[in-house]
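Below is one structure, written out as structure tokens, with a few remarks after it.
The values are calculated or read from the model by the stated rules, or taken from the named source; none is laboratory data. All figures in this text were calculated on a predicted structure; none of them were measured in a lab. Please note: Cβ atoms are built from the backbone with ideal geometry, for glycine as well, and neighbour counts cover all protein chains shown.
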Amino acid sequence: MLYIEGMRDYRRIHTTTKRIMTLQNFKELEQLIPASIICRVHKSYMVALNKIEAIERNRIKLGNQLIPISDTYKALFYQQINNGM
């Protein structure tokens, strides 16, 4: 899993080989997937921590995708990656 993207009522899970659509909301996904694996970084995105290639100007690079880090989730995200390293 690379990241999860919110799309109205659906969530799209992006993996290295495919995309999976689900009706589960972010709160349910946060309860299912351990915080050591994935982190919410924006109202519309969760990212797999071990797949992050770079962080620059509050954006996360995952392959050719740039994921924004919102002010709402910034502190928790940086705390989580600093504790994991």
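Of the residues examined, Ala75 is one that is loosely packed, with under 12 Cβ neighbours inside 10 Å, on the phi < 0 side of the Ramachandran plot and among the small types (Gly, Ala, Ser).
Residues of the stretch 1-21 that are free of Cβ contacts under 8 Å to residues at least 24 places away in the same chain, surrounded by 11 or more Cβ atoms within 10 Å (Cβ to Cβ) and not aromatic (Phe, Trp, Tyr): Arg11, Arg12, Ile13, Thr15, Ile20. Pairs linking a residue in the stretch 24-50 that is surrounded by fewer than 21 Cβ atoms within 10 Å (Cβ to Cβ) to a residue that is acidic (Asp, Glu), with Cβ atoms under 8 Å and 6 or more positions apart or on different chains, are Ser44/Glu5. Filtered by the rule that a residue be farther than 16 Å from Thr15 by Cα and of a type in the set (A, V, I, L, M, F, W, C), the stretch 32-59 gives Leu32, Ala35, Val41, Ala54, Ile55. Give the residues of the stretch 1-43 that are farther than 23 Å from Tyr78 by Cα, of a type outside the set (S, T, N, Q) and in a loop (DSSP other than H, G, I, E, B), sorted by residue number. Residues satisfying the conditions are Arg8, Asp9, Lys18, Leu23.
Can you confirm whether Lys61 is part of a strand (DSSP E or B), of a type in the set (Lys, Arg), free of Cβ contacts under 8 Å to residues at least 40 places away in the same chain and surrounded by fewer than 17 Cβ atoms within 10 Å (Cβ to Cβ)? So Lys61 fits the description; yes.
Within the stretch 23-34, is there a residue that is modelled with pLDDT of 95 or more, in contact with a helix residue (DSSP H, G or I) (Cβ under 8 Å, 6 or more places away or on another chain) and closer than 21 Å to Asn83 by Cα? No, that holds for no residue.
Of the set (1) outside any loop (DSSP other than H, G, I, E, B); (2) of a type outside the set (Lys, Arg); (3) over 11 Å from the mean Cα position of the chain (by Cα), all apply to Met46 but (3).
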